[in-house]
Amino acid sequence: MRMKRVAAVAAAATLALGLAACGGDDADEGTGAGSKSFAAGSTMEKLNKAQKIKVGTKFDQPGFGQKGLSGKPEGFDVEIAKLIVKELGIPEDKIEYVETPSKVREDVIVNGTVDLVAATYTINDKRKERIAFAGPYYEAGQNILVKKDDTTITGPDSFKDGTKKVCSVTGSTPAEEIKKYVKDVATQLVLFDTYDKCRDALKGGQVNAVTTDNVILLGYVAKDEASFKLAGDNFTKEPYGIGVKKEDTDFRNFINDTLEKAFNDGAWKKAWDDTAGKFGAELGSAPTVNRY
């Protein structure tokens, strides 16, 4: 009888250990820890083990990255970042969003303030001198926002007479591009740190126009159709990428793989339809990732 009792106790202990092991697996699946495997020492492994990540994005870009009622940024850039975070095996609630205006995007990457930047970040050679890009994941085009009743501005050439002021953001590609069209940069080009301030300046009559990428401006139009409209057609091409540290090729390749997966499985289109697509901008075909 004693042997039977010992056997029964041993069997119960074995069953308990088995159930505990199953519970451990479920816990891993709930957090993302243990469900992904990455190369030792890689950024992906470090982030997965830490189970947290810092994402730089904008807080003032309707449809791309704008603080919502939740207190967190919402938009297409944010959703693209979430797709990357998901592939890292990190839960969404472990993302720390860091407000990243145009003029500091390279700085926060180089200084390690954030792990990646998704912030209407146009890929160009000058920026590649300091950081690296994955993508592109979208191609926008620069345009001009004016008051609804303005018929004097029809495109960038309208600034060549020197009489009209245009607003953009410090450190942005649109701010540099519009300099080609204004007669006097010092008096005509007004720069702020956010596009919300440019919009307010336009509404208040301090400037005659705002210039940046069409999808951002369409967000402002969608929120206040009685006040604003776009003037003319897009006059540049702006491929948006994800910014990471220049030397981190493995992380850049991982993000590129994630983007291509999203292009093919419908996640990319859903992210668009749920955000910027609501403002009437076209998504177009998936861009070709540049694996330089």
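Every number here is computed from the coordinates shown, using simple stated rules; none is lab data. In this text the structure is predicted, and so the values were computed from the model without any measurement. As a convention, Cβ positions derive from the backbone with ideal geometry for all residues, glycine included, and neighbour counts pool all protein chains shown.
Annotation: the antiparallel percentage among DSSP beta bridges lying fully within the chain is about 60. Between the residues Ser158, Ile109, Val289, the greatest Cα displacement towards the positive end of the dipole of the chain, with unit charges on the Cβ of Lys, Arg, Asp and Glu, is found for Ile109.
Set the Cα radius of gyration of region 176-292 against 2.2 N^0.38 Å, with N its number of residues, and you get 1.31. The charge dipole of the chain, taken about the Cα centre with unit charges on the Cβ atoms of Lys, Arg (+1) and Asp, Glu (-1), comes to about 560 debye, rounded to the nearest 20. Eigenvalues of the alpha-carbon gyration tensor of region 39-98, scaled by 5 and square-rooted, set the equivalent ellipsoid semi-axes at 24, 10, 9 angstrom, largest first. Projecting the Cα atoms of Gly205, Ala175, Gln142 onto the dipole axis of region 142-230, where Lys and Arg carry +1 and Asp and Glu carry -1 at the beta carbon, places Gly205 farthest toward the positive end.
Simple point charges give the picture: +1 on the Cβ of Lys and Arg, -1 on the Cβ of Asp and Glu, and for region 162-282 a dipole about the Cα centre of about 520 debye.
Trypsin sites (Lys or Arg not before Pro), restricted to region 178-209: which are DSSP loop and have at most 14 other Cβ atoms within 10 Å? Walk me through the numbers on the way to the answer.
Numbers: sites: Lys179, Lys180, Lys183, Lys197, Arg199, Lys203; in loops: Lys179, Lys180, Lys183.
For trypsin sites (Lys or Arg not before Pro) across region 178-209 that sit outside H, G, I, E and B with at most 14 neighbouring Cβ atoms in 10 Å, the list reads Lys179, Lys180, Lys183.
If only the Cβ of Lys and Arg carry +1 and only the Cβ of Asp and Glu carry -1, the dipole of region 142-230 around its Cα centre is close to 160 debye. Name all residues of region 102-130 having a backbone nitrogen under 17 Å from the label point set 7 Å from the Cα of Lys52 along its Cα→Cβ direction, giving them as ranges. Answer for region 102-130: 112-116. Taking every alpha-carbon pair within region 192-242, the share separated by more than 19 Å comes to 28 percent. Over all other residues within a Cβ to Cβ distance under 12 Å of Lys183, the charged ones net out to +2, with Lys and Arg as +1 and Asp and Glu as -1.
The ratio of the alpha-carbon radius of gyration of the chain to the globular-protein estimate 2.2 N^0.38 Å is 1.27.
Taking the chain as a Gaussian network, Cα atoms linked when under 10 Å apart, which of Ala201, Ala39, Ala276 shows the biggest mean-square fluctuation? Top of the fluctuation ranking is Ala39. Extension gain for Ser285 to Lys94 (0.36 nm times residue separation, less C-alpha to C-alpha distance): 65.6 nm. What's the FRET efficiency of Lys179 with Lys72 using the Cβ-Cβ distance as r and R₀ = 45 Å, to the nearest 0.05? Computed FRET efficiency for Lys179 and Lys72 comes out at 0.85. With helices as the sole contributors, the chain gives -11500 deg cm²/dmol at 222 nm; each DSSP H run of n ≥ 4 counts as -39500 (n - 2.57), and the sum is divided by every residue.
Applying a threshold of 20 Å to the alpha-carbon distances of Lys86/Lys223; Lys54/Lys94; Lys203/Lys229; Lys72/Lys94; Lys165/Lys203 flags Lys86/Lys223 as lying beyond it.
Translational diffusion coefficient, Stokes-Einstein: compute it for region 142-230 using the Kirkwood radius over C-alpha pairs as Rh, at 20 °C and 1.002 mPa s, and state it as an integer in µm² s⁻¹.
Translational D for this selection: 171 µm²/s.
Count neighbours as other Cβ atoms within 10 Å of each site's Cβ, and list the GluC sites (Glu not before Pro) in region 112-214 that are DSSP loop with at most 12 such neighbours. Here the GluC sites (Glu not before Pro) that fit, given the DSSP loop and packing criteria, are Glu129. With neighbour counts taken as other beta-carbon atoms within 10 Å, the residues Glu282, Glu45 rank, fewest first, as Glu282, Glu45.
Ignoring aspartates and glutamates fewer than eight residues from Lys180 along the same chain, the ones with Cα atoms less than 12 angstrom from its Cα are Asp157.
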